[in-house]
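Worksheet for the structure shown next.
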Amino acid sequence: MYDLKHDEKVCATCPSADCLLKCQYMEFEQDEAHEEMMKLIRGEDCRVLHECITCYGCEEYCRRGNHPFYLICERREEMGILTAPRPITNQWINMTQMQGKQKVGAVKERVMSFCFLPQLPLMGSGEIFKDLGWSFVFGAEFMCPAVHTHFAKMSVVKERLPQVLENFSELGVKEVICMHDECYGTYTSIAPAYGMEVPFRPIHYMDYLYDRLEELRDRIRLLNIRAVYQRPCSSRLSPQKLHRVGEIFRMIGVELVEREYQGENALCCGEIPRAIAGFRAASDIQRRNIQDMVDAGAQYCVFNCPACQTTLSERVVKFGLKPVHLIELCKMALGEIEMED
Amino acid sequence: MDRILQSLIDIVGEKAVSNHAEEIWYYARDPGVMPPHEPDYVVAPRTTEEVQRIVQLANRERIPIVPMGNGMALTGLVIPLKGGIVLDMKRMDRILEVNERGRYVIVEGGTSQGKLKSYLEDHYPHLRHSIPDAPAATTIAANVAIHGQGRLTQQYGFNSDMVTGLEVVLPTGEVCRIGSCSMGPYWFSKGPTLPDLSGLFLGWLGTTGIITKVGIRLYPRKKMRDVEIFVTDRDDLVADIVYRVTHTEMVEDITVWFQPKPLMFKDNNHITIYLTGDTDEELEFKRLMIWDALREFIDSKDGGFMSVQPLKPMLLEMPQRGIAAFADVPKGGGFEYSGPITLVDQYPMYAEKVKQLASKYNVVYAGTARIISGGHAMMFGISFAFNRADPDMIDRVRRAVHEATEFALDLGGIPWKPNIHEQKLAMERMDPNTLRLMKMIKQNLDPQGIMNPGNWEVG
Ligand SMILES: Cc1cc2nc3c(=O)[nH]c(=O)nc-3n(C[C@H](O)[C@H](O)[C@H](O)COP(=O)(O)OP(=O)(O)OC[C@H]3O[C@@H](n4cnc5c(N)ncnc54)[C@H](O)[C@@H]3O)c2cc1C
Ligand code: SF4
Ligand code: SF4
């Protein structure tokens with residue numbers, strides 16, 4: 001069985017307890033935050049077990065190598081605390097079950113993983129991904145099971161992730177380009193946190209995009225637009241990649257407009273909080289987030305995660321913003337996708 | 001040439017009548033599981049007068065006559081059990097009048113749901129009718145003749161409750177108007193405040209006359225329509241959930257469904273709730289009211305709203321074509337259902353029964369309930385899919401559907417668009433005086449017993 005590596009001694013001596021202090025969905029004073037963390041470590045009932053909306057933020061806020069969010073999930077499951085209603089929790093478990101329906105292309109040493117997101121296969125095409133050809137995988141068999149952390153089902157993560165890693169291993173791939181940000185977070189954060197060995201080198205698709213744009217520099221038409229970036233919860237598991245957004249934007253002539261809810265302060269898309277915290281809480285998050293985009297004077301709202309895009313597109317359009325995925329934005333700069341007026 | 005064929009040609013012209021093998025084969029069956037039976041003639045009239053003359057001929061010659069819309073009721077109601085004439089009404093498809101302020105429309109007896117829908121969208125964007133999820137080619141008159149239900153049934157009752165007037169050719173050939181249109185030019189009431197004679201035709205499955213014109217109510221079409229799905233794994237909570245949602249009086253349609261596949265639907269009941277509004281604010285207010293109404297179930301973790309965004313294009317379609325996709329689960333494109341009308345409180349027993357039957361007869365199931373009139377009742381569809389090329393599977397489905405209906409009637413439900421066996425089951429359970437009244441009505445309206453014989457045949 002895989003055990004979470006969370007060093008309680010590091011928490012005990014933590015001067016800041018930033019993990020909970022910076023939480024955007026719960027208010028803590030410094031002492032309270034620290035005490036809350038200690039209660040969590042001791043396995044006592046505490047506020048965070050009932051109020052955390054699973055934004056993943058604390059995984060980023062802790063700079064001391066610990067895993068506060070995974071610990072919250074572990075404790076919730078141990079104590080039988082459900083985050084979302086039971087039928088929703090089970091719906092996610094059921095619909096992401098491996099059923100042998102995976103799609104495996106002409107796999108080479110370097111493969112694109114479309115996770116289990118139907119929007120991604122279409123994106124992994126065109127000049128940017130030309131060299132990879134049909135080297136792809138798609139389906140529950142290759143899906144990062146991180147989503148179950150939202151539902152405090154670490155047992156599902158621990159059961160399925162080794163199987164996913166094994167499935168990749170059987171293909172003999174050396175490098176996996178993670179087209180879903182959360183896959184990258186899973187392989188570089190969750191797997192090591194549980195001592196699971198990843199049998200390939202995970203590559204974040206943004207790194208791949210950046211390198212390809214370098215190669216295709218002379219074909220880029222600068223877009224000259226102003227955009228905001230919608231940061232997904234999963235990117236909290238790989239904050240070291242955040243800089244890529246600005247770099248890619250600069251390469252293709254997109255001004256990343258400053259706003260309140262950016263970087264560490266980003267707000268999530270609201271879909272998971274809708275199930276966990278209800279309509280009012282989710283609406284409030286979405287309203288503040290979109291108003292902030294509008295106030296910043298953006299024309300486009302750029303997504304990293306297709307699930308956030310599905311959730312927020314209709315809403316941002318109502319506020320006059322154009323929703324677009326980062327990959328689509330790059331394709332626009334290469335003239336493969338028309339820019340909307 | 002056959003004398004009757006010639007007479008029919010004289011009435012409708014050569015192109016609109018046939019006794020050719022191809023047509024006879026086609027009109028001998030419907031897409032459900034009832035065995036076929038061949039008609040002698042197929043006729044497609046264009047006017048009320050033609051219908052009248054055909055009925056007069058059928059009377060003279062004592063030939064059975066079966067009115068047919070699109071033949072999609074699935075329960076063999078247009079299969080000519082005793083041969084004779086199948087009267088295909090689809091050529092009588094004109095939209096005769098829309099009274100915008102009075103919010104009603106008059107259509108001919110073969111007008112399809114799809115035609116009216118697109119006509120209203122094009123010409124009266126503020127109006128809509130209660131469209132069922134049946135294929136768009138199904139007809140409005142047939143739907144009210146079988147007490148169908150549509151998108152507005154939760155708010156306004158059975159589609160037949162929305163009738164505002166009828167023109168009927170009686171089995172003896174007289175043309176008769178029912179409701180306010182019997183006294184003047186307006187079609188705003190099918191009965192009240194006169195004696196309501198519409199009941200002589202609605203629900204009779206074409207056994208008491210042929211509807212050549214029908215007026216139906218139209219309703220406001222809001223600018224926006226949206227959908228939420230509340231899920232619970234507890235069958236016993238469904239009736240209470242529906243009760244609380246209907247209490248808000250803020251929703252359009254409500255359907256409850258469960259099916260084992262795809263896996264995302266496994267083990268849950270899905271309560272699909274449709275909302276309409278003219279502004280974002282209206283829609284959001286209604287949504288909030290509904291969330292609040294269900295707060296208790298969410299807090300107890302017994303139920304919650306699922307992510308619905310990716311399913312929206314399918315869910316918001318009217319009619320919803322996804323329903324027919326169920327027929328292809330076992331491959332081979334067939335599905336049949338028993339759709340009794342009963343109390344919403346009985347949901348758990350029905351849900352249990354569907355699963356039992358599916359396992360007993362080894363068939364693929366889906367359960368769907370449509371809420372009627374704010375929860376006064378529901379249509380509980382016990383559906384089984386089958387492969388048309390597999391006679392054994394068809395037989396298993398037939399038996400499963402029959403058992404489902406028996407179960408429903410034993411629990412005090414009433415059958416919807418019953419096939420002949422289900423009609424028998426219903427009549428066996430009916431008060432003898434009610435039966436006698438039905439018999440009296442039928443004998444008086446159709447003394448020769450030529451209208452869709454075999455159906456509602458009181459012994
Ligand atoms: C995928 C699918 C989904 C469905 N969903 C729904 C739904 O949501 N709601 C619903 O109500 N039904 C539904 N149905 C059932 C059915 O298709 C509809 O009720 C439809 O309205 C039947 O119309 P039709 O023209 O096919 O009728 P037919 O099958 O042609 O006729 C039905 C009955 O009406 C009689 N009849 C036909 N025309 C006349 C007339 N002019 N005068 C007198 N009697 C007449 C016939 O003799 C017969 O007894 C569905 C069916 C399918 C296949
Ligand atoms: S999880 Fe990290 S930030 Fe939080 S208390 Fe422990 S060491 Fe400090
Ligand atoms: S996951 Fe988000 S909401 Fe939960 S404690 Fe961490 S920062 Fe707060």
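Taking Cα atoms only, the orientation of helix B:48-61 departs from the longest principal axis of chain B by about 60 degrees.
Subtracting the Cα-Cα distance from 0.36 nm times the residue separation, let me have the gained length for residue A:50 to residue A:215 in nm, one decimal. Don't jump to the answer; show the numbers that get you there.
On the way: separation 165, 0.36 × 165 = 59.40 nm, distance 4.88 nm.
Difference between extended and current length: 54.5 nm.
Averaged over its residues, how many other protein chain Cβ atoms are within 10 Å of peptide B:285-293's Cβ atoms? Mind showing how you got there, number by number?
On the way: counts 0, 0, 2, 3, 0, 1, 6, 3, 0.
Per residue, the average neighbour count from other chains is 2.
Amide H contacts for residue B:104 (H built 1.01 Å from N in the peptide plane; partners 5 or more residues away or on another chain; cut-off under 5 Å): B:99, B:218. Pull out a ≥ b ≥ c, the square roots of the eigenvalues of the alpha-carbon gyration tensor of the protein assembly as shown, then state rounded if a/c is under 1.5, prolate if not and a/b is larger than b/c, and oblate in the remaining case. Because a/c hits 1.5 or more and a/b exceeds b/c, the protein assembly as shown counts as prolate.
Legend: Rg and Dmax of region A:8-78, from Cα coordinates, 10.6, 28 Å.
With 10 angstrom as the radius, rank B:297, A:151, B:188 by how many other C-beta atoms surround their C-beta, starting from the fewest. Kindly include the intermediate steps, with their values, before the conclusion.
Working: B:297 20, A:151 26, B:188 16.
Ordered by Cβ neighbours within 10 Å, fewest first: B:188, B:297, A:151.
Restricting to DSSP H runs of at least four residues, report the calculated mean residue ellipticity at 222 nm for chain B, -39500 (n - 2.57) per run over all residues, nearest 500 deg cm²/dmol. Spell out each step's value before the answer.
Working: 15 runs with 148 residues, N = 459.
After summing the helix terms and dividing by the residues of chain B, the value is -9500 deg cm²/dmol.
A Förster radius of 56 Å combined with the Cβ-Cβ distance from residue B:373 to residue A:336 puts the calculated FRET efficiency at roughly 0.60. Seen through its C-alpha gyration tensor, with square-root eigenvalues sorted a ≥ b ≥ c, region B:3-88 comes out prolate because a/c lies at 1.5 or above while a/b is bigger than b/c.
Residue-wise HN-Hα couplings along region B:226-240, as the Karplus relation 6.51 cos²θ - 1.76 cosθ + 1.60 with θ = phi - 60° gives them from phi, are 9, 9, 10, 10, 9, 10, 9, 9, 10, 4, 5, 9, 4, 4, 5 Hz; Gly and Pro carry x.
Could you work out, residue by residue across A:306-315, how many beta carbons of other chains sit within 10 Å of that residue's beta carbon, and then give the average as an integer? It would help to have the intermediate numbers written out before the result.
Working: counts 0, 3, 0, 1, 4, 3, 1, 1, 3, 1.
Partner Cβ neighbours, averaged per residue: 2.
Rounded to the nearest whole Hz, the Karplus-based 3J(HN,Hα) values (6.51 cos²θ - 1.76 cosθ + 1.60, θ = phi - 60°) of region A:321-333 follow the sequence 9, 9, x, 7, 7, 4, 5, 5, 4, 5, 5, 4, 5, with x at glycine and proline.
Region A:1-78 and region A:121-141 have Cα centres separated by 37 Å. Scattering from region A:86-208 was approximated by placing one identical point on each alpha carbon and applying the Debye formula without solvent; log10 I(q)/I(0) at 0.12, 0.14, 0.17, 0.19 1/Å stands at -0.40, -0.55, -0.81, -1.01.
From the cross-link list A:5/A:101; B:261/B:331; A:153/A:174; B:223/B:312; B:213/B:424, which pairs have alpha carbons spaced over 23 Å apart? Mind dumping the intermediate values first?
Values: A:5/A:101 33 Å; B:261/B:331 14 Å; A:153/A:174 29 Å; B:223/B:312 16 Å; B:213/B:424 30 Å.
Checking Cα-Cα distances, A:5/A:101; A:153/A:174; B:213/B:424 exceed 23 Å.
For chain B, the relative contact order is 15 percent, taking Cα pairs closer than 8 Å that sit 6 or more residues apart in sequence and dividing their mean separation by the residue count. Evaluated on region B:95-220, the Kirkwood hydrodynamic radius is 14.2 Å, with distances taken between all distinct Cα atoms. Against chain B, whose longest principal axis is taken from its Cα atoms, helix B:347-361 shows a tilt of about 70°. Counting, for every residue in A:79-87, the Cβ atoms of other protein chains within 10 Å of its Cβ and taking the mean gives 5. Rounded to the nearest 10 degrees, the angle from helix A:306-318 to the longest Cα principal axis of chain A is 70 degrees.
What is region B:1-45 by shape, rounded, prolate or oblate, if you read a ≥ b ≥ c off the alpha carbon gyration tensor as root eigenvalues and call it rounded for a/c under 1.5, prolate for a/b larger than b/c, and oblate otherwise? Cα axes put region B:1-45 in the prolate bin.
Got the relative contact order for chain A handy, in percent, Cα pairs under 8 Å and 6 or more residues apart? Worked out over chain A, it gives 16 percent. Backbone amide hydrogens, once placed in the peptide plane, bring residue A:203 within less than 5 Å of A:176, A:177, A:178, excluding anything fewer than 5 places away on its chain. Once Rg and the Kirkwood radius are both taken over the C-alpha atoms of chain B, their ratio Rg/Rh works out to 0.97.
Just so you know, all these numbers are worked out from the coordinates, no wet-lab data involved. The structure presented is a predicted model; accordingly, all values stated were derived computationally and were not measured. Backbone-built Cβ (ideal geometry, glycine too); neighbour counts: all protein chains shown.
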